[in-house]
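None of the figures in this text is laboratory data; all of them are computed from the coordinates on show. Note that the structure is a prediction, hence the values are computed from the model and not measured. Cβ coordinates were reconstructed from backbone atoms using ideal geometry, including for glycine residues, and neighbour counts include every protein chain displayed.
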Amino acid sequence: MANFFVESHGCTANTSATELMTYLLEASGHKRISSKDVADFVLVNTCVVKATTENRMKSILQKYYQEQIPMIVTGCLPQVMADWCTKHLPNVALVGVDHFKDVSAAAEAVLQQREFVAISREKAFCSEIHRYRQSPLTGIIEISKGCLGQCSYCIVKIAKGLLVSKPLKQIILEAKQALADGCKELWLTSQDLASYGVDSGSSLIAVLKELTALNGSFWIRLGMMNADYALPIADELVSFLQHPKIYSFVHIPLQSGSNKVLKAMKRKYTVEEFEQLITSLRKVPRLTISTDIIAGFPGETENDFEETLEVLRRIRFDIVNISKYGDRKGTLASKSREKLPTEIVKQRSREVSALVREMTLEKNRKWVGWKGEALALKREREGRWTLLRNKSYKLVAVKDNSLILGNRYSVQIEEGLKTRLLGQIL
């Protein structure tokens, strides 16, 4: 059989797909290697969430193609830009977001120099529960694909389609396998975790009830949730976020603090509803809250932008992911006649970033003196430091390389930095 090299880009769901495809290729007799230079073929799992990401993907793919490396291109780029792929990367195998299960067939086609294109829509998930895990202590479980939103700026909806929830039975089987493999974290991922089951009569709460009943010592991380679907289950979320097997962590995108801009974005909540949700969730002690902001959306006035800053000041998130608005092909926002000059977009991004740096540092400094349990997950800085996570999913760095990864330790926080806490073992 053949040697193959894997390159994965994008979100946690993409990482999960890459782990699945790698396992399937190895189960077919192929061998993963660490250098593309001696590989018989290369698997590139792509992302196109931002224009800059798309351009980087295309540059990488064209470079590999020019090097005459047999290639399988998977994920969102071939799903939404198949024409570009067939024009610029002829004879490369294309595997869309609903066909990861077909990666072994794609490999055979590439090795035999045959055409392979699988980008049609399919609802079914691959039934394989094993994974080739990039992080051996972390089991990533994609519980649904697609979403129920119609955001005017989002290309991911075009790539992923309408919500399809994975059967609860399969989710539990994947979780059990991850725990049997030695995982100490279970990451639940999707485009909108809170909407799980709307299409099938189930719910995220049903998933959490089943997962928290499993035996073993592990923490569950909840992935991104949109406010419109999280708000109706807020009370149940407050309860589960305090469960000893679930990180006290949520990721809920705000995107803008202006109701006018949210409406233009076709987000299905108001600022007031978002703040109501956050108020409810903050009943959870030491809850870590992450959000997303888009700076410079078409039509965003100076007043709209100031409203966003005001919401950030009121809520004071722990983590804020900032994106400068950029057109995505095929989206409603890309056709807007109210686009802002690039310099204004950049300036607003810089202003948000400055505020966020101040807030996150302030939030992390409040952890100084805290004592509690943290899970050792990886090494850093040439193996001299160990990185851990506490119940609030705060990153704790300890200058001690003797800690056993996968074990929990009592730590004390000595310093709060912008992106992490520094601690010592008690």
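With the convex hull drawn around the C-alpha atoms of the chain, the volume per residue stands at 145 Å³. Fully extending the segment from GLN68 to SER120, taken as 0.36 nm per residue of separation minus the present Cα-Cα distance, adds 16.0 nm.
Between the residues ASN321, PRO341, TRP385, the greatest Cα displacement towards the positive end of the dipole of the stretch 319-426, with unit charges on the Cβ of Lys, Arg, Asp and Glu, is found for PRO341. Once both labels are positioned 7 Å from their Cα atoms along Cα-to-Cβ, the gap between ASN407 and ARG384 label points is 2.3 nm.
Let me make sure I get this right: for the stretch 138-365, a, b and c are the square roots of the gyration tensor eigenvalues over alpha carbons, sorted descending. Under 1.5 in a/c it's rounded, otherwise prolate if a/b > b/c, else oblate. Which is it? Prolate shape, in that a/c is at least 1.5 and a/b is the bigger ratio. For the stretch 1-124, rounded, prolate or oblate, judged on the Cα gyration tensor with a ≥ b ≥ c (square roots of eigenvalues), a/c < 1.5 rounded, else prolate if a/b > b/c? Cα axes put the stretch 1-124 in the rounded bin. A compact globular protein would have a Cα radius of gyration near 2.2 N^0.38 Å; the ratio found for the stretch 371-425 is 0.97. Taking 7 Å steps out from each Cα toward its Cβ at GLU108 and GLU210 produces label points 3.2 nm apart. Each of ALA295, GLY146, THR279 was scored by the projection of its Cα onto the charge dipole of the chain, and the greatest displacement toward the positive side belongs to THR279; charges sit on the C-beta of Lys, Arg, Asp and Glu. Left without a cysteine partner by the 4.7 Å Cβ rule in the chain: CYS11, CYS47, CYS76, CYS85, CYS126, CYS147, CYS183.
In this Cβ point-charge picture (+1 for Lys and Arg, -1 for Asp and Glu), the chain has a dipole of about 620 debye about its Cα centre.
Taking the centroid of alpha carbons for each part, the stretch 159-183 and the stretch 245-306 are 28 Å apart.
May I ask for the net charge around SER35, where only other residues with Cβ less than 14 Å from the Cβ of SER35 are counted and Lys, Arg are +1 while Asp, Glu are -1?
Charge balance near SER35 sits at -1.
Taking the charge dipole of the chain about its Cα centre, with +1 at Lys and Arg Cβ atoms and -1 at Asp and Glu Cβ atoms, the residue from GLY182, ILE404, LEU137 reaching farthest to the positive side is ILE404. Rounded to whole Å, give me the distance from the Cα center of the stretch 29-88 to that of the stretch 370-426. Each part's Cα centre sits 36 Å from the other's. Using a Gaussian network for the chain with springs between C-alpha atoms less than 10 Å apart, which of these wobbles most: LYS268, LYS145, LYS63? So, out of LYS268, LYS145, LYS63, the one fluctuating most is LYS63. Each residue of the stretch 79-91 was assigned a 3J(HN,Hα) from its phi angle through the Karplus curve 6.51 cos²θ - 1.76 cosθ + 1.60 (θ = phi - 60°); the sequence is 5, 9, 9, 4, 4, 4, 5, 5, 6, 9, 10, x, 6 Hz, with glycine and proline shown as x.
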